[in-house]
Structures are given as structure tokens and as C-alpha cells.
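Undergrad: Starting off with a structure, shown below.
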């Protein structure tokens with residue numbers, strides 16, 4: 001699978017630091033030269049992987065997974081840098097070599113499409129939690145992310161951004177293909193396919209699914225405690241997300257007035 005330069009970068013800044021295409025999928029520049037090493041990355045049976053398309057509720061999901069798998073307290077999670085506990089496979093830091101040597105059980109994240117993830121994962125090794133989100137909400141969050149991140153500094157309109165989203169011109173390629181690939185593997189024994197919206201509709205069932213998939217034994221009282229803790233995390237995240245979306249909607253409306 002050959003790498004080739006993408007002809008149209010996603011943001012103005014990336015005219016100098018372009019995305020590149022790998023096997024027909026647009027990826028961030030820091031993935032360049034890593035794809036073979038990622039495919040050959042060694043997995044362990046105790047690994048827990050969280051995979052999402054960007055802005056699919058990854059931060060909230062990782063906190064809930066950490067809480068359920070480690071028995072952590074939500075207040076404790078609030079004080080720690082959770083990203084250090086769950087590194088992103090393809091990011092420049094901490095790097096593949098360091099992630100490979102982390103002590104078990106490793107908790108690892110990625111935004112890569114299913115077919116680009118380690119080959120061992122396709123063979124049923126490690127546990128993989130995938131979460132999909134309604135694209136209408138996702139694209140608003142992704143737009144805000146591109147505008148706020150210094151390295152992105154996106155200054156196009158929301159309408160232009162939506163066209164890029166629909167035409168697969170953003171990092172990690174098509175949302176539709178990303179979700180479809182994992183949906184086709186939802187029945188695999190090592191894959192748990194979740195929906196972002198279900199986390200809000202029925203957090204009890206959501207947490208119970210996670211606990212069962214991760215092999216966490218708990219009685220009714222312990223499960224209720226985990227659900228209550230997860231609800232705290234969900235509420236905190238909801239307030240932050242609502243504020244961010246309101247700002248985007250406000251800027252869109254002001255542009256129409």
C-alpha cells in the first residue's frame with residue numbers, strides 16, 4: 001500500500017504540512033512512515049483498546065472505561081491526566097516503542113480505520129471497544145476542534161467544513177466507511193460496538209455492557225455505584241459539550257444575521 005500526497009489540505013496551516021493518503025484514506029501527517037509498524041504492533045490478551053472516529057465522545061468513553069476497568073473514583077479521574085493513562089497509538093507522543101513496553105493491562109486509543117489497526121486485532125487478540133456518534137453532532141464538534149486547535153487554526157465556514165466532511169477531506173477519512181467497517185465486525189468476540197447516544201439514554205445498560213465485556217465481576221450494589229459514578233462523568237462532559245456547541249451555533253447564527 002503506497003503513500004501519496006493528498007492534493008488538498010484540510011486547513012490553511014496544512015498547506016505547509018499536508019495530510020497524506022494511505023490506501024485511499026486521508027491521514028494526519030504524523031502517521032506518515034508508521035503504517036507498517038502499526039500493522040505489526042504486538043498485542044496482548046489483556047489489552048483494552050478504544051477506537052473511534054475523531055470527536056465521537058472519545059474523552060468521555062476513556063474515562064468511563066478507566067473507571068469500570070480500574071475501579072477508579074470519578075474525583076480521582078478528575079485530578080489525573082487521563083490521556084497519559086490511555087495513549088493514542090498513532091500520535092507522535094509517547095510513540096510506538098514506549099506504548100509497546102507499557103505494563104499490562106495496557107489501555108490504548110486510536111482513531112484509525114479498522115483495516116489499518118494491528119493485524120493481530122483482526123485475528124481476535126485483545127479487547128476492542130468502538131463507539132460511533134451521530135454525524136450531525138460529530139461534525140459540529142469536529143468543526144469547533146479544528147477552529148480551536150492552534151495547529152489547525154481552521155478559518156473556513158461551517159458550510160465549507162461540512163463539504164470537506166462529506167467529501168472525505170478530513171483526517172481519518174470517511175466517517176461512513178469508518179463506522180461501517182466496525183459495524184461489520186460487531187459480532188466478533190473481541191469487539192464491543194457502542195453508540196454515543198445510548199450512553200445518555202440508558203447509562204445503566206451502557207455500563208453493564210462494558211463491565212460484562214471487560215470481564216469485571218460486580219454485584220448489584222457495585223454496579224449501581226459504577227453507574228452513579230459514570231453519570232457524574234457524563235453530566236460533567238455534557239455541560240462542557242453543550243457550552244461548546246452553543247458557541248458554534250451562536251457564531252453560525254451571527255453570520256446569518
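Bear in mind that the values in this text are calculations on the coordinates, not laboratory data. None of these values were measured; they are calculated from a predicted model. Glycine also receives a Cβ, built like all others from the backbone with ideal geometry; neighbour counts cover every protein chain displayed.
Undergrad: Could you check the spin-label model distance between residue 189 and residue 101? Points 7 Å from the Cα along Cα→Cβ, value in nm.
TA: Using points 7 Å along Cα→Cβ, the separation is 3.3 nm.
Undergrad: Another question, then. How would you order 123-131, 93-101 from highest to lowest mean count of nearby Cβ atoms within 10 Å?
TA: Going from most to least packed, we get 123-131, 93-101.
Undergrad: Cα centroids of segment 181-231 and segment 24-65: how far apart, whole angstrom?
TA: 20 Å
Undergrad: For segment 137-225, just say rounded, prolate or oblate: build the C-alpha gyration tensor, square-root its eigenvalues into a ≥ b ≥ c, call rounded for a/c under 1.5, and beyond that prolate if a/b exceeds b/c, oblate if not.
TA: prolate
Undergrad: Once label points are set 7 Å from the Cα along Cα→Cβ at both residue 37 and residue 236, what is their separation, rounded to one decimal in nm?
TA: That separation, rounded to one decimal, is 3.4 nm.
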